[in-house]
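Novice: Okay, handing you the structure first.
The values are calculated or read from the model by the stated rules, or taken from the named source; none is laboratory data. Note that the structure is a prediction, hence the values are computed from the model and not measured. No Cβ is skipped: glycine too gets one built from the backbone with ideal geometry, and neighbour counts run over all protein chains shown.
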Amino acid sequence: MDLTLADFVLFVLVGTFALVPFLAVVSRTLHARAEKRSLANRVICRLCLHAFEQTSHAKTVDCPICGALNDRGRSCRLG
Ligand SMILES: [Zn+2]
C-alpha cells in the first residue's frame with residue numbers, strides 16, 4: 001500500500017490522540033503509587049506535628065525535633 005502524506009498525517013494524529021490518554025493514565029498511576037509509598041513511610045509527630053520519613057520497621061519512632069515517641073501504624077490526622 002502506498003502511504004500518502006494525508007494518510008501519514010492522519011496516522012500521526014490518531015496515534016497522538018490515542019497515546020495522550022494512555023500516558024496520562026500511566027503517569028497518574030505511577031504518581032499515585034509513589035505518593036502512597038511515601039505516605040506509608042510518613043510519620044507526623046503527635047506532639048510538635050513535625051512530619052518526617054521513617055523507613056525502618058520499628059513500631060515506634062522518635063521525633064527528630066522534639067524526641068517524642070510516636071506510634072507508626074496510627075497516622076496522626078489531627079484527631
Ligand atoms: Zn516532635
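Novice: Taking the condition among the hydroxyl-bearing types (S, T, Y) and surrounded by 10 or more Cβ atoms within 10 Å (Cβ to Cβ), does T29 pass?
Specialist: When the stated conditions are applied, T29 passes them.
Novice: Still on this structure, please answer the following. Please tell me if E35 is touching a helix residue (DSSP H, G or I) at 6+ places or on another chain (Cβ under 8 Å), modelled with pLDDT of 85 or more and surrounded by fewer than 14 Cβ atoms within 10 Å (Cβ to Cβ).
Specialist: No, not satisfied.
Novice: Kindly establish whether D7 is modelled with pLDDT of 90 or more and either part of a loop (DSSP other than H, G, I, E, B) or surrounded by 10 or more Cβ atoms within 10 Å (Cβ to Cβ) (or both).
Specialist: The answer is yes for D7.
Novice: Taking the stated definitions as given, is G73 within 16 Å of the ligand (Cβ to nearest atom) and at pLDDT below 95?
Specialist: In short, no.
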